[in-house]
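Only one structure is covered here, and it is reproduced in the block below.
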Amino acid sequence: MAALMNANDAVYGSLAECYVTIGEERYNLMQLYEFESKYEVHLTEVPVLGRVSKGKKPAGGEGSWSGRAHYNQSVFRKWILHYKNTGELTPFDIQVTNEDPSSKAGRQTVIHKGCLIDQVILAKYAAGDDILDEEISGTFDDWEMPESFDLLDGMQ
């Protein structure tokens, strides 16, 4: 019989940590309650003589990220205001760590380098009982993974 993952080894997302470093300032971005980053590999088609199918060759890549945050911080609004006033848009880093003490997966940390934001909500309101939030998305130039999840029992 094949090995099965223990349900306790699934990682509970609410225990993640997210830090943003802009210049010399580091912020615990606890408002960012949903986050996802991706790295897309660009593939180039390669015609191959003697084959009907084309091959693929990696030719660079790019990173993107997105998230949803409570609308209760001005870090990114101040960042984009600085750009508007000076023309200087300083890239920043986003560090995300996942660790669930009940999981044997351990801890993983990814640091996204050279981050930029596509757009920033400047002001917002909604009458009623809703809590204000905002979608945030952007790109990154590079990334590091100083900590990676452990292999779970049965993976090897």
ask   = Within the range 42-61, is even one residue under 19 Å from the mean Cα position of the chain (by Cα) and of a type in the set (D, E, K, R)?
value = no
query = Just for the range 74-88: of the residues that are in contact (Cβ under 8 Å) with a residue 12 or more places away in the chain and of a type in the set (A, V, I, L, M), which one is farthest from residue 121 (Cα to Cα)?
reply = 75
remark   = Requiring at least 2 residues that are modelled with pLDDT of 95 or more and more than 26 Å from residue 137 (Cα to Cα), the strands (runs of 3 or more DSSP E) wholly within the range 19-71 are 32-46, 55-70
message = As an exercise: evaluate residue 109 against (1) without any contact (Cβ under 8 Å) to a residue 60 or more places away in the chain; (2) farther than 30 Å from residue 6 by Cα and give the number of the one condition it does not meet.
response = (2)
query = In the range 40-49, is there at least one residue being touching a residue at least 24 places away in the same chain (Cβ under 8 Å), exposed (fewer than 11 other Cβ atoms within 10 Å of the Cβ) and touching a strand residue (DSSP E or B) at 6+ places or on another chain (Cβ under 7 Å)?
reply = yes
task = Report yes if residue 138 is in contact with a strand residue (DSSP E or B) (Cβ under 7 Å, 6 or more places away or on another chain), surrounded by fewer than 13 Cβ atoms within 10 Å (Cβ to Cβ) and at pLDDT 95 or above, otherwise no.
result = no
ask   = Would you pick out the residues in the range 112-135 that are in contact (Cβ under 8 Å) with a residue 40 or more places away in the chain and within 13 Å of residue 72 (Cα to Cα)?
value = 121, 122, 124, 131, 132, 133, 134, 135
message = Can you report the number of residues in the range 30-39 which are without any contact (Cβ under 8 Å) to a residue 60 or more places away in the chain and closer than 24 Å to residue 89 by Cα?
response = 4
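To keep it simple, each residue is scored yes or no on (1) within 18 Å of residue 29 (Cα to Cα); (2) modelled with pLDDT of 95 or more; (3) touching a Gly at 6+ places or on another chain (Cβ under 6 Å).
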position	(1), (2), (3)
103	no, yes, no
108	yes, yes, no
113	yes, yes, no
119	yes, no, no
124	no, no, no
128	no, no, no
134	yes, yes, no
144	no, yes, no
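The values are calculated or read from the model by the stated rules, or taken from the named source; none is laboratory data. These figures come from a predicted structure and were not determined experimentally. Counting neighbours? That spans all protein chains shown, and the Cβs are built from the backbone with ideal geometry, glycine included.
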